Amino acid sequence: MSFARKEYEFLSEIGLSSRNLGCYVDGTWKANGPVVTSLNPANNQAIAEVVEGSVEDYEEGMRACSEAAKIWMQANLPIALHLIWQVPAPKRGEIVRQIGDALRTKLQQLGRLVSLEMGKILPEGIGEVQEIIDMCDFCVGLSRQLNGSVIPSERPNHAMLEMWNPLGIVGVITAFNFPCAVLGWNACIALVCGNCVVWKGAPTTPLITIAMTRLVAGVLEKNNLPPAIFTSFCGGADIGQAIAKDTRISLVSFTGSSKVGLMLQQTVNQRFGKCLLELSGNNAIIIMDDADIQLAVHSVLFAAVGTAGQRCTTCRRLLLHESIYQRVLDKLLDVYKQVKIGNPLEKGNLLGPLHTSESRKSFERGIEIIKSQACSVFHLSTMFIQLFQYFKFKHTFGGKILIGGSVIESEGNFVQPTIVEISPNADVVKEELFAPVLYVMKFQTLQEAIEINNSVPQGLSSSIFTRKPEIIFKWIGPLGSDCGIVNVNIPTNGAEIGGAFGGEKATGGGREAGSDSWKQYMRRSTCTINYGNELPLAQGINFG
């Protein structure tokens, strides 16, 4: 079936049509759930239809995945009755390398699809797919470095060592804002570690879920591997709940809000499963009085406006030293006025639409809350505020909108990038508004700035702009930022895949991508081997 618009015809190059089955189950595309329509957030018009999966589809897929896991995790794969193919970790790394190569051949088309269906500008869409390719490259090397330790034993003729074994099946539930990159962070590592993957993509980006799955499935098929090593579902909360409750899934990686993540964690914990949570962020940039202001302003623009403020690492709070406050703010307002808003697929636009019409409504509600808290902190003396804090009076301070604050009348979900002058003590500042809204506030000392940075429930990303080593090392030390990502002289967003990605507090505590994140996808056993003829006991115990 042909697409309704000519500009969507490129989707056929990545296996999509105007109507698509949304479940990949044991090598077969099928679906028995409701039909949904994928919308272009730039105009809210239909791109294509997708048939979502049912709970029955899920159960069929999990039965096949469980059988495939017995083969994949044991590293012995029967190709035919008389042949056994060994699949140790480096060979699994070779499969992931081929997935990366398959992505390279469709980089432009996949990046364009991310931009079309999610709404981020095209360079960011292509960059998201490139991030998965980078993860594939990283995991090829990782597949030869899943190292355990050899531990000295206190007992003669004994050896102690660590063994790392696969968990079996890893469930991955991703969000709309990075509809394929987060899959890459999880699936690439899970596969080289010997796990099968069950993926539930975001309900509003089903075409990306299908296109990505087709590429992975093609690599598995080319290598005569069981197709159920990778199983995917387009669907809603019922599929997510099934994953959370399923005892066959040892680890559930979830990206989304803190509220939903907490509920999922409680469900998984009830069955003693493991969770890897990437939840809300409420990220701050601190600009000290010695900062390179031009560098800082450019960084804030990307951190606050990039992806229309819909990254979990988006800068939502800007803390300016009082001596440079107005100078930085004036420069920032100037660059905000130059931000080009429009179709994310058109070259030169920096701000695309919010992802859904509901996101636009949330922006409007957030602006109304900001306006309703009408008492501005900037009309109060510092001493008065300190008295409020000292006596622990409940107080809220509303914001003054300096630029933006409105939706843009159009068919799409476009809003104005917004800067709000506000107190760090305002209730609204503690919450994550998933839109291009930046709260600006003053501080006097480094200690005050650190306290403001750490004062919110979330703890994902943070950054400081300074040239002073003593400030840098306090910032990254035990009395500095309490976030999982602590940057200096760069934005809060745009993390590289080589480091572990994740945050503290209400952000969930999970770590994905680089460093030693792989350990979360494996089961560690401490093994003590007695190769002698005596039985000496630890701690010198003599038992009979």
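The values are calculated or read from the model by the stated rules, or taken from the named source; none is laboratory data. All values derive from a computational prediction rather than experimental measurement. Positions of Cβ are generated from backbone atoms using ideal geometry, with glycine treated the same way; all protein chains shown enter the neighbour counts. SASA here: full protein model, heavy atoms, side chains in, ligands and nucleic acids out. Shrake-Rupley method; radii C 1.70, N 1.55, O 1.52, S 1.80 Å.
By how many degrees, 0 to 90 and rounded to 10, does the Cα axis of helix 293-305 deviate from the longest principal axis of the chain?
Between helix and principal axis, roughly 60 degrees.
Expected output is a single nm value to one decimal: the length gained when fully extending between residue 271 and residue 402, i.e. 0.36 nm times separation in residues minus the C-alpha distance. What is it?
Working it through step by step, the gained length comes to 42.2 nm.
Out of the total accessible area of the chain (probe 1.4 Å, heavy atoms of protein only), what percent is carbon and sulfur?
Accessible surface attributable to carbon and sulfur in the chain totals 54 percent.
Using only protein heavy atoms and a 1.4 Å probe, report how much of residue 117 is accessible, in Å² to the nearest 10.
Rounded to the nearest 10, the figure is 0 Å².
If the cut-off is 20 Å between C-alpha atoms, which aspartates and glutamates fall inside it for residue 430, apart from same-chain ones fewer than 8 positions away?
The reachable aspartates and glutamates, counting only those whose Cα sits under 20 Å from residue 430, are 278, 364, 368, 421, 448, 451, 482, 504.
At 4 °C and 1.567 mPa s, what whole-number value in µm²/s does Stokes-Einstein give for the translational diffusion of the chain, with Rh from the Kirkwood sum over Cα pairs?
In µm²/s, the coefficient rounds to 52.
For the range 409-414, take each phi angle, set θ = phi - 60°, evaluate the Karplus expression 6.51 cos²θ - 1.76 cosθ + 1.60, and give the result in whole Hz per residue in order, putting x for glycine and proline.
Each residue's phi maps through the Karplus curve to give 5, 6, 5, x, 9, 7 Hz.
What is the helix-to-structure angle for 107-118, meaning the angle in degrees between its Cα long axis and the longest Cα principal axis of the chain, kept from 0 to 90 and rounded to the nearest 10?
60 degrees
Quick check: with the 1.4 Å probe, what order do 322, 124, 409 take by accessible area, largest first?
Working: 322 95, 124 25, 409 160 Å².
Result, largest first: 409, 322, 124.
Give the relative contact order (percent, whole number) for the range 441-544; include only Cα pairs under 8 Å separated by 6+ residues.
21 percent
Which far-off residues, 5 or more places away or on another chain, put their amide H under 5 Å from the one on residue 440, with H placed in the peptide plane?
Amide H neighbours of residue 440, under 5 Å, 5+ apart: 318, 420, 421, 422.
Give the long-range amide H neighbours of residue 232: residues separated by 5 or more places, or on another chain, with amide H under 5 Å away, using H modelled in the peptide plane at 1.01 Å from N.
Result for residue 232 returns 24, 199.
How do 185, 475, 29 stack up against each other in accessible area, from largest to smallest, with a 1.4 angstrom probe?
Ranked from most to least accessible, the order is 29, 185, 475.
For q = 0.11, 0.17, 0.21 Å⁻¹, what log10 I(q)/I(0) does the range 1-79 give under the Debye formula with an equal point scatterer on each alpha carbon and no solvent?
Listed by q, the Debye log ratios stand at -0.43, -0.77, -0.93.
If Lys and Arg each add +1 and Asp and Glu each add -1, what is the summed charge of the other residues whose beta carbon sits under 13 Å from the beta carbon of residue 496? Write out the running numbers ahead of the final one.
Numbers: positive: none; negative: 131, 134, 137, 512.
Within the 13 Å Cβ shell, the charges total -4.
Going 7 Å from the Cα of residue 70 in the Cα-to-Cβ direction, what parts of the range 217-247 have a backbone nitrogen less than 15 Å from that spot?
226, 228-229
Could you give the nm distance between label points at residue 292 and residue 358, where each point is 7 Å from its Cα heading toward the beta carbon?
4.3 nm
Give the percent of DSSP beta bridges with both residues in the chain that are antiparallel, rounded to the nearest 5.
The antiparallel fraction comes to roughly 45 percent.
Taking Cα pairs under 8 Å and at least six residues apart, what relative contact order does the chain come out at, in percent? Walk me through the numbers before you get to the answer.
On the way: 1191 pairs, mean separation 90.8, N = 544.
This gives 17 percent for the chain.
Normalised by the residues of the range 1-136, what does the relative contact order come to in percent, with Cα pairs under 8 Å and at least six apart?
Dividing the mean separation by the residue count of the range 1-136 yields 20 percent.
If you count only protein heavy atoms and use a 1.4 Å probe, how large is the accessible surface of residue 267, to the nearest 10 Å²?
Surface open to solvent at residue 267 totals about 40 Å².
Can you list residues from other chains, or at least 5 along the same chain, whose modelled amide H is less than 5 Å from the amide H of residue 286?
Excluding prolines and chain starts, which carry no amide H, the hits are 319, 463, 464, 465.
Using the Karplus curve 6.51 cos²θ - 1.76 cosθ + 1.60 with θ = phi - 60°, work out ³J(HN,Hα) for each residue of the range 511-516 in order, rounded to whole Hz, and write x for Gly and Pro.
So the Karplus estimates, Gly and Pro as x, are 9, 10, 6, x, 6, 9 Hz.
Roughly how compact is the range 119-214, stated as its Cα Rg over 2.2 N^0.38 Å to two decimals?
1.46
For the range 257-317, state which trypsin sites (Lys or Arg not before Pro) are in a DSSP loop and have at most 11 other beta carbons lying within 10 Å of their beta carbon.
271
With just the Cα atoms defining each centre, how far is the range 344-366 from the range 13-36? Give it in Å.
The range 344-366 and the range 13-36 have Cα centres separated by 28 Å.
Just to confirm, what accessible area per residue do you get for the chain at 1.4 Å probe, in whole Å²?
Dividing the accessible area of the chain by its residue count gives 43 Å².
Using the Karplus curve 6.51 cos²θ - 1.76 cosθ + 1.60 with θ = phi - 60°, what ³J(HN,Hα) values do you get for each residue of the range 473-489, in whole Hz, with x for Gly and Pro?
Each residue of the range 473-489 in turn: 7, 5, 4, 8, x, x, 9, x, 5, 9, 8, x, 10, 10, 9, 9, 6 Hz.
Just tell me which lysines come within less than 28 Å, Cα to Cα, of residue 347; anything on the same chain fewer than 8 places away is out.
List returned: 6, 106, 120, 331, 337, 361.
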